[in-house]
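S.K.: Have a look at this one before I ask anything.
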Amino acid sequence: MSEILFKNASIGYRGVPVLRAVSFTAEKGGITALIGPNGTGKSTVLKTAAGLLKPIEGRVCIRDRSIGSYSPKELYGIISVMMTDRVKTKFMSCHDVVRVGRYRYTGIFGTLTQADRRVIRESMELIGVWDLRDRDYAALSDGQQQRVLLARAIVSEPGILIMDEPASFLDMGRKIEFFDALKGLVKEKDMTVLISMHEVEMVKKVADKVICISASGGIDAKGAAEELINPAYMEELFGMKKGRYEEYYG
Amino acid sequence: MDRKKTHLILFISLILAILLLVVINILTGSVGISVRDIPDILLKGDRSSAEGRIILDIRLPRIIEALFLGGALALSGYMLQTFFLNPIAGPYILGISSGAKLLVAILMVWALKAGFAMNSLMLVAAAFIGSLIATGFVLTVSLRVRSMSILIVCGVMVGYICSAVTELIVAFADDSNIVNLHNWSLGTFSAAGWNEARIYIPIVAAGILAALFMSKTMEAYRFGEEYAESLGISIYGFRVLLIIVSSVLSATVTAFAGPVSFVGIAMPHVAGNLFRSEKPLIIIPASFLLGSAFCLFCDLLARSLFAPSELSISTVTAVFGAPIVISMMIGRRNENV
């Protein structure tokens, strides 16, 4: 059983495909990473997997059931997303931001139960942002904000987490902390993660499985990170001259 | 200090301020009334004296109107701001109040000519249809332009067109009742009595309740459409509901008090800054109370500043409201307004 399955899917916006013949699976308890040049449709894959875009053709299944057959309530009881859109707040503490992630559990006026408070605290501690709980969200650095948004994404206790470049604003040290937290999360909660990332050099350590999307449109390769992340292939995928990968990342 | 405590103190202060404004409003006017007579008149509903009739039939209905309709306007503005995810929005500035005004004026003049008696519910219905037409126009424009400032300019233009047509209609409708119509079309809290209050109080109360029940979703929606959708919220249904509740509230205000400027746009902003919160469950009642207090205060000035002649309410609300809106825009100069 796969948690996420794309089978020969055409995906895109308003009936115009961005990618065709997309097929891959993401398994339970693992991190599946999408990599590839800018503008190849990684976000489109993520949005379709999250049910925010309807597939134009082909099959997209969540837990072996067609994604279209889920009610929003059912679907987002399983899936939690962390997309790239920035959140503009004025008077919100980090706790306020994370609290909104408990949406489907809270009562009609959004009041928190003891259980809600406990999960919020646990999630924030797991990501290491509990100390920031009373701080003004808008005044945080981009990196801190991204970690708070990760806490918000896991506070709904999802089975599947879909993330679009979640670590892009973090510095080197914070990136490592972030991916450590993510790996810990997957292990502890047996979660499935579908993530797009630009940190190609870190993919080997983070992801169990890699899906490469090339500029020519479509999935170029998929498989274990150890096999795919090698200089020659990266140079080809990202359209670099021979030797450039080693020169900068080696 | 604890946020909850601060909020409680602020709510209590706001209610006390409103009570104080109510008392001052009762006492102010061309006929002086002694404070001592007031409890008797209010508690016993004593209409036997001239003072009793002035308080119970003139001043009190006017106070109730400013209280409920002022609050309704602020709430309507807050819901529009939530809809557009932008604090620079309100029923007056987007031309929605003027659309309502135009349709009400057409209906009134037609009813006068046909010798037909209008009732309050028909006025509200006409105003509601008028605001929906204006809102429809604003939404159509908003699909084409991404910039809120262009949208607002369009709204102001729609407002001018509707006001010009309203004036034309009022000018050509030759009737003695036109004096009333003219006052109403400029905005005033003097036009409605107790019979009207029986209509607008339940509508406004229903609007507050609806807003409170939507507050949880409003908060999630503030984080963007896509995120709200990923929480399982039906975006389309929610947006339709927001527009309908907001339009019912501003249409009710326009039907009874005419167009009142700047309350809807400025008061939610003041509420946010005063309570230092973005939580709709706090801002909904806070905006409402601030709208009430603001309209009571402005109405007091409107009728007492140059007594016995009266200013239109929008003249006064603009004097205080416009600077607040300008300061908001300056505060957001680095962002895409």
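The values are calculated or read from the model by the stated rules, or taken from the named source; none is laboratory data. From a predicted model like this one, the values you see are computed outputs, not experimental measurements. Neighbour counts are summed over all protein chains in view; Cβ atoms, including those assigned to glycine, are modelled from backbone coordinates with ideal geometry.
S.K.: Considering only the stretch B:140-166, state which residues are farther than 18 Å from B:Gly187 by Cα and without any contact (Cβ under 8 Å) to a residue 40 or more places away in the chain.
M.R.: Going through the stretch B:140-166, the residues farther than 18 Å from B:Gly187 by Cα turn out to be B:140-155, B:157.
Answer for the stretch B:140-166, where residues must be farther than 18 Å from B:Gly187 by Cα and without any contact (Cβ under 8 Å) to a residue 40 or more places away in the chain: B:Thr140, B:Val141, B:Leu143, B:Arg144, B:Val145, B:Arg146, B:Ile150, B:Val153.
S.K.: How about the stretch B:228-238: which of its residues are buried (at least 16 other Cβ atoms within 10 Å of the Cβ) and more than 7 Å from chain A (Cβ to nearest Cβ)? Give the derivation first.
M.R.: Step one: of the stretch B:228-238, the residues buried (at least 16 other Cβ atoms within 10 Å of the Cβ) are B:228-233, B:238.
Result: B:Ala228, B:Ile233, B:Phe238.
S.K.: Answer yes if at least one residue in the stretch B:203-225 is in contact with an Asp or Glu (Cβ under 8 Å, 6 or more places away or on another chain), at pLDDT below 95 and among the aromatic types (Phe, Trp, Tyr), and no otherwise.
M.R.: no
S.K.: Then there is this: Going through the stretch B:82-104 one residue at a time, which ones are surrounded by fewer than 24 Cβ atoms within 10 Å (Cβ to Cβ) and in a helix (DSSP H, G or I)?
M.R.: B:Phe83, B:Phe84
S.K.: Just give me the residues in the stretch B:215-227 being part of a loop (DSSP other than H, G, I, E, B) and within 7 Å of chain A (Cβ to nearest Cβ), in sequence order. Lay out the reasoning, then the answer.
M.R.: As a first pass, look at the stretch B:215-227 and keep what is part of a loop (DSSP other than H, G, I, E, B): B:222-224.
Answer for the stretch B:215-227, where residues must be part of a loop (DSSP other than H, G, I, E, B) and within 7 Å of chain A (Cβ to nearest Cβ): B:Phe223, B:Gly224.
S.K.: Here are some conditions: (1) in a loop (DSSP other than H, G, I, E, B); (2) touching a residue at least 12 places away in the same chain (Cβ under 8 Å); (3) within 14 Å of chain A (Cβ to nearest Cβ). B:Leu212 meets all but one. Which one does it not meet?
M.R.: Result: B:Leu212 fails condition (1) only.
S.K.: Starting from residues that are of a type in the set (Val, Ile, Thr) and within 12 Å of B:Arg59 (Cα to Cα), keep the ones in the stretch B:1-37 and report whichever is nearest to the chain's Cα centre (by Cα). Outline the logic, then answer.
M.R.: Of the residues in the stretch B:1-37, the ones of a type in the set (Val, Ile, Thr) are B:6, B:9, B:12, B:15, B:18, B:22-24, B:26, B:28, B:31, B:33, B:35.
Now drop any that are not within 12 Å of B:Arg59 (Cα to Cα), which leaves B:22-24, B:26, B:28, B:31, B:33.
Values: B:Val22: 18, B:Val23: 22, B:Ile24: 21, B:Ile26: 21, B:Thr28: 23, B:Val31: 29, B:Ile33: 29 Å.
If we take residues in the stretch B:1-37 being of a type in the set (Val, Ile, Thr) and within 12 Å of B:Arg59 (Cα to Cα), then B:Val22 is nearest to the chain's Cα centre (by Cα).
S.K.: Looking at A:Glu165, A:Glu201, A:Glu188, which one is loosely packed, with under 15 Cβ neighbours inside 10 Å and out of contact with any helix residue (DSSP H, G or I) (no Cβ under 7 Å at 6 or more places or on another chain)?
M.R.: Numbers: A:Glu165 fails: loosely packed, with under 15 Cβ neighbours inside 10 Å; A:Glu201 fails: out of contact with any helix residue (DSSP H, G or I) (no Cβ under 7 Å at 6 or more places or on another chain).
None of the other options fit; the residue is A:Glu188.
S.K.: For a quick check of your reading: which helices (runs of 4 or more DSSP H) sit entirely within the stretch A:51-161 and have at least 2 residues that are away from chain B (no Cβ under 14 Å) and modelled with pLDDT under 90?
M.R.: Details: elements: A:72-78, A:94-100, A:114-127, A:142-154.
Filter on the stretch A:51-161 gives A:114-127, A:142-154.
Table: residues versus (1) closer than 28 Å to B:Ile208 by Cα; (2) within 19 Å of the chain's Cα centre (by Cα).
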site	(1), (2)
A:Met1	no, no
A:Tyr13	no, no
A:Ala26	no, yes
A:Leu34	no, yes
A:Asn38	no, yes
A:Ser43	no, yes
A:Lys47	no, yes
A:Ser93	yes, no
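S.K.: For the stretch B:310-322, name all the residues that are in contact with a helix residue (DSSP H, G or I) (Cβ under 9 Å, 6 or more places away or on another chain) and either surrounded by fewer than 23 Cβ atoms within 10 Å (Cβ to Cβ) or not aliphatic (A, V, I, L, M) (or both). Before you say what the answer is, go through the steps one by one.
M.R.: Narrowing the stretch B:310-322 to residues in contact with a helix residue (DSSP H, G or I) (Cβ under 9 Å, 6 or more places away or on another chain): B:310-317, B:319-322.
Across the stretch B:310-322, the qualifying residues are B:Glu310, B:Leu311, B:Ser312, B:Ser314, B:Thr315, B:Thr317, B:Val319, B:Phe320, B:Gly321, B:Ala322.
S.K.: Restricting to the stretch A:29-50, give me the number of residues that are among the hydrophobic types (A, V, I, L, M, F, W, C) and within 14 Å of chain B (Cβ to nearest Cβ). Show your work before the answer.
M.R.: Narrowing the stretch A:29-50 to residues among the hydrophobic types (A, V, I, L, M, F, W, C): A:31, A:33-35, A:45-46, A:49-50.
Subsequent filtering for residues that are within 14 Å of chain B (Cβ to nearest Cβ) retains A:46, A:49-50.
Within the stretch A:29-50, residues that are among the hydrophobic types (A, V, I, L, M, F, W, C) and within 14 Å of chain B (Cβ to nearest Cβ) number 3.
S.K.: Sort out which residues of the stretch B:1-55 are among the small types (Gly, Ala, Ser) and at pLDDT 85 or above, and write them in order of number. Show your work before the answer.
M.R.: So in the stretch B:1-55, the residues among the small types (Gly, Ala, Ser) come out as B:13, B:17, B:29-30, B:32, B:34, B:45, B:48-50, B:52.
Listed by number, the residues that qualify are B:Ser13, B:Ala17.
S.K.: Something else: Go through (1) within 14 Å of the chain's Cα centre (by Cα); (2) within 11 Å of another protein chain (Cβ to nearest Cβ) and name the single condition B:Leu281 misses.
M.R.: All conditions are met except number (1).
S.K.: Given the conditions (1) under 21 Å from A:Pro17 (Cα atoms); (2) in contact (Cβ under 8 Å) with a residue 60 or more places away in the chain, report the number of the one that A:Ser216 does not fulfil.
M.R.: (2)
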